[in-house]
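**Q** Dropping a structure here in structure tokens format, bear with me for questions.
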Amino acid sequence: MNQLHEFTSEPMIAYFSMEIGIKTDIPTYSGGLGVLAGDTIKSAADLKLPMVGVTLLSRKGYFNQEIDANGWQLEKPVAWDPARYMTLLPEKVKVPIEGRHVYIQAWVYPVISPTGGKVPILFLDTDLPENAPADRGITDYLYGGDLNYRIKQEVVLGMGGVRMLHALEFHIKKYHMNEGHAAFLALELLLRFKRDIESVWDERSVWDVARVRDLCVFTTHTPVEAGHDKFPYPLVKQVLGELIPIEVLRDIAGKDHLNMTLLALNLSKYINGVAKKHGEVSQHMFPGYHIHAITNGVHTFTWTCEDMAKLFDKYIPGWANEPELFVRSGNIPELELWEAHREAKRKLFDYVHQTTGIAMDLNVLTFGFARRATAYKRPHLLFSDIERLLKINEKGRLQIIYAGKAHPHDDPGKKLIQGIYRYREQLRGKVEIAFLPGYNMDIALKLVSGVDVWLNTPLRPLEASGTSGMKAAHNGVPNFSVLDGWWIEGHIEGFTGWSIGALSSETGNLAASDAEDAADLYNKLENLVIPKYYDPNKAGWSRMMRNAISKNAYYFNSHRMMRRYVTEAYIR
């Protein structure tokens, strides 16, 4: 008997993502992309949308981050048992890889909402005795290995995912690709809809591209060229054989190599970026396509800390499933809002002390900076001029908490983390700096709710969206950020937070200089942020916290995002 029969009676949206982050204990995510996917599915459950998620099991996770005495990141495997959280389904499918069959099984995890909505997630797994030892490890490491390993993972996700849905008797209305990693699902659909024509003068005419496009939705997340997966055609032929002739692939996925983003673009009817600015940047990168924009959001209930949730329950009943009610945050007394924030801050500092041994002062203005450690995020911008920073610190003390992982193959990213450790030692006793290792969803919630200001300093226009700042706003924490991604839409200067640098109108890969942005950061820190925070009555700061909730959290949530996907992408 099909264990998923309750989901197979009506047409569904199949949401494919290389990573999906539901909770810390299920380490099938690396960062923002996976957490966004998890928030998408949680909102779909809350709103009772007919959706099924498809992802990889990632048996050994992304990695556990440890930092050695020299500040160097070390990667350790994650040990977790999927049987503790999900159910193994009896159905198996196979995909062709390097001329042999690779068998796939699926674990199901149902995301169940208090509203009664339910969305199953299928976690695909190749660790089966039917497979060769190397093939059993295809779904072990998220973003692990070389190009050969990556293309095999994406075949399992895309082609294997469609075949698993078919085996489980799902009726799919739309296939939503969350980034290009899942684009092989469109190839599988091409194979399924291949026209049976006896006399064909052109091989291309047997492929029903229009039918596939009608079924596919594609969300692109990265304006960074390196973020688009590309595979050389000899490798594609080695892995996939002649399933689809290479000349046909060259037409729809790029002449020189198979570009997964191009493949998704050419086989999707609806395409979108994840913020208005990102839509413009993507349109500039791919001028032959009509690229829409649906700005990301975060799952309100997941990303609101316990102390704020109690306050919202008291003054804004119904907030968790109707985040638009946050427009009423003016009902919250400023003193109670400040005390709830202080309690979240106290809990964060207890965790910082327990984890790092660093004691932070509850009365000092505290900045949070947590995201993937990579050069374009510019985690060191705050330290561009140490002497200036120390002079500002004399007018009003500040302290900073960092977190984030560098990709295992990104040595420059690891050096950025190492640099933070050096600044920590250099500024000890003056500007306290903590780095929290092992960044995950639990640590993220502590950070976005416990710091006083959320800092974000990317090179514009390379920040597609930036959902961590939305999570901070849900906890009344104002943003201090470069005008890029969502912050262009959410920023009201001095009201919901502060900008850093100018708003660039460029859609190319250009940015204001580090020196210009650092100068603006220091000026506003000294003349706006510190005076407002250290105002004795705190009324101005509490009002800004309420503004962050009423103007940012009410809109930048995944319920609003999902309603837009339904009306603009799914029911077309």
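The values are calculated or read from the model by the stated rules, or taken from the named source; none is laboratory data. These numbers were taken from a predicted model, which means no experiment stands behind them. Don't worry about glycine lacking a Cβ; one is built from the backbone with ideal geometry, like all the others, and counts go over all protein chains shown. Accessible surface is based on the protein model in full, side chains and every heavy atom, while ligands, DNA and RNA are left aside. Shrake-Rupley method; radii C 1.70, N 1.55, O 1.52, S 1.80 Å.
**Q** Suppose we keep only residues that are among the small types (Gly, Ala, Ser) and closer than 27 Å to Pro323 by Cα within the stretch 510-559. Which one would you say is farthest from the chain's Cα centre (by Cα)? Steps first, please.
**A** As a first pass, look at the stretch 510-559 and keep what is among the small types (Gly, Ala, Ser): 511-513, 515, 518-519, 539-540, 542, 548, 550, 553, 558.
Going one step further and asking which of them are closer than 27 Å to Pro323 by Cα, we end up with 539-540, 542, 548, 550, 553, 558.
On the way: Ala539: 34, Gly540: 32, Ser542: 29, Ala548: 21, Ser550: 23, Ala553: 17, Ser558: 12 Å.
If we take residues in the stretch 510-559 being among the small types (Gly, Ala, Ser) and closer than 27 Å to Pro323 by Cα, then Ala539 is farthest from the chain's Cα centre (by Cα).
**Q** Does the stretch 503-514 contain any residue that is open to solvent by less than 10 Å² (accessible area, probe 1.4 Å) and more than 25 Å from Gly273 (Cβ to Cβ)? Walk me through how you get there before you give the answer.
**A** Filtering the stretch 503-514 for residues open to solvent by less than 10 Å² (accessible area, probe 1.4 Å) gives none.
No, there is no match, as no residue in the stretch 503-514 is open to solvent by less than 10 Å² (accessible area, probe 1.4 Å) and more than 25 Å from Gly273 (Cβ to Cβ).
**Q** Let me ask something else. Mind checking which residues of the stretch 273-330 are more than 27 Å from Ala45 (Cβ to Cβ) and among the polar types (S, T, N, Q)?
**A** Matches in the stretch 273-330: Ser282, Gln283.
**Q** Which of the residues that make up the stretch 54-85 are under 20 Å from Pro129 (Cα atoms), in contact (Cβ under 8 Å) with a residue 60 or more places away in the chain and aliphatic (A, V, I, L, M)?
**A** Across the stretch 54-85, the qualifying residues are Leu56, Leu57.
**Q** Restricting attention to the stretch 46-63, and to residues there that are among the small types (Gly, Ala, Ser) and crowded, with 24+ Cβ neighbours inside 10 Å, which single residue is modelled with the highest pLDDT? Walk me through it before giving the result.
**A** To start, the set of residues in the stretch 46-63 that are among the small types (Gly, Ala, Ser) comprises 53, 58, 61.
Cutting the leftovers down to crowded, with 24+ Cβ neighbours inside 10 Å gives us 53, 58.
Values: Gly53: 98, Ser58: 95.
Here the answer is Gly53.
**Q** Further, regarding this structure: Testing Tyr439 on (1) under 19 Å from Gly31 (Cα atoms); (2) aromatic (Phe, Trp, Tyr); (3) without any contact (Cβ under 8 Å) to a residue 60 or more places away in the chain, one condition comes back false. Which one is that?
**A** (3)
**Q** Filter the stretch 138-150 down to the residues that are in contact (Cβ under 8 Å) with a residue 12 or more places away in the chain, surrounded by fewer than 24 Cβ atoms within 10 Å (Cβ to Cβ) and either within 19 Å of Tyr103 (Cα to Cα) or of a type outside the set (A, V, I, L, M) (or both) and list them by number. Spell out the reasoning first.
**A** Of all residues in the stretch 138-150, those in contact (Cβ under 8 Å) with a residue 12 or more places away in the chain come to 138-144, 147-148, 150.
Restricting the remaining residues to those that are surrounded by fewer than 24 Cβ atoms within 10 Å (Cβ to Cβ) gives 140-144, 147-148, 150.
Within the stretch 138-150, Asp140, Tyr141, Leu142, Tyr143, Gly144, Asn148, Arg150 qualify.
**Q** Restricting attention to the stretch 399-419, and to residues there that are assigned to a helix (DSSP H, G or I) and either open to solvent by less than 10 Å² (accessible area, probe 1.4 Å) or modelled with pLDDT under 95 (or both), which single residue is farthest from Thr356 (Cα to Cα)? Give the derivation first.
**A** Applying the first criterion (assigned to a helix (DSSP H, G or I)) to the stretch 399-419 yields 411-419.
Among the residues that remain, those that are also either open to solvent by less than 10 Å² (accessible area, probe 1.4 Å) or modelled with pLDDT under 95 (or both) are: 413, 417, 419.
Working: Gly413: 21, Ile417: 15, Gly419: 17 Å.
Applying the filter and picking the extreme gives Gly413.
**Q** Quick one: in the stretch 76-113, of everything that is surrounded by 17 or more Cβ atoms within 10 Å (Cβ to Cβ) and among the hydroxyl-bearing types (Ser, Thr, Tyr), which residue is farthest from Val236 (Cα to Cα)?
**A** Among them, the one singled out is Ser113.
**Q** While we're here: Within the stretch 523-572, which residues are over 23 Å from Phe312 (Cα atoms) and among the aliphatic types (A, V, I, L, M)?
**A** Leu525, Leu528, Val529, Ile530, Val566, Ala569, Ile571
**Q** Can you list the helices (runs of 4 or more DSSP H) lying wholly within the stretch 510-572 that have 1 or more residues being among the acidic types (Asp, Glu) and out of contact with any helix residue (DSSP H, G or I) (no Cβ under 6 Å at 6 or more places or on another chain)?
**A** Working: elements: 514-524, 530-533, 539-547, 558-565.
In the stretch 510-572, 514-524 are the helices (runs of 4 or more DSSP H) which contain 1 or more residues that are among the acidic types (Asp, Glu) and out of contact with any helix residue (DSSP H, G or I) (no Cβ under 6 Å at 6 or more places or on another chain).
**Q** Between Ala37, Ala69, which is closer than 28 Å to Phe369 by Cα, open to solvent by 10 Å² or more (accessible area, probe 1.4 Å) and aliphatic (A, V, I, L, M)? Outline the logic, then answer.
**A** Details: Ala37 fails: open to solvent by 10 Å² or more (accessible area, probe 1.4 Å).
From the options Ala37, Ala69, the qualifying one is Ala69.
**Q** Can you name the residue in the stretch 182-226 that is modelled with pLDDT under 70 and of a type in the set (A, V, I, L, M) and is also most open to solvent (accessible area, probe 1.4 Å) among such residues?
**A** Once the filter is applied, the top-ranked residue is Ala226.
**Q** Just a yes or no: is a residue in the stretch 377-398 open to solvent by less than 20 Å² (accessible area, probe 1.4 Å), under 30 Å from Tyr143 (Cα atoms) and in a strand (DSSP E or B)?
**A** no
**Q** Out of contact with any helix residue (DSSP H, G or I) (no Cβ under 7 Å at 6 or more places or on another chain), of a type in the set (Lys, Arg) and either touching a residue at least 40 places away in the same chain (Cβ under 8 Å) or open to solvent by 40 Å² or more (accessible area, probe 1.4 Å) (or both): is that true of Arg372 in this structure? Reasoning before the result, please.
**A** Working: out of contact with any helix residue (DSSP H, G or I) (no Cβ under 7 Å at 6 or more places or on another chain): yes; of a type in the set (Lys, Arg): yes; either touching a residue at least 40 places away in the same chain (Cβ under 8 Å) or open to solvent by 40 Å² or more (accessible area, probe 1.4 Å) (or both): yes.
Spelling it out, Arg372 is indeed out of contact with any helix residue (DSSP H, G or I) (no Cβ under 7 Å at 6 or more places or on another chain), of a type in the set (Lys, Arg) and either touching a residue at least 40 places away in the same chain (Cβ under 8 Å) or open to solvent by 40 Å² or more (accessible area, probe 1.4 Å) (or both).
**Q** Which of the residues belonging to the stretch 301-324 are part of a helix (DSSP H, G or I) and either without any contact (Cβ under 8 Å) to a residue 60 or more places away in the chain or closer than 19 Å to Ser113 by Cα (or both)?
**A** Keep residues of the stretch 301-324 that are part of a helix (DSSP H, G or I), which gives 306-315, 323-324.
Of everything in the stretch 301-324, those that are part of a helix (DSSP H, G or I) and either without any contact (Cβ under 8 Å) to a residue 60 or more places away in the chain or closer than 19 Å to Ser113 by Cα (or both) turn out to be Glu306, Ala309, Lys310, Leu311, Phe312, Asp313, Lys314, Tyr315, Pro323, Glu324.
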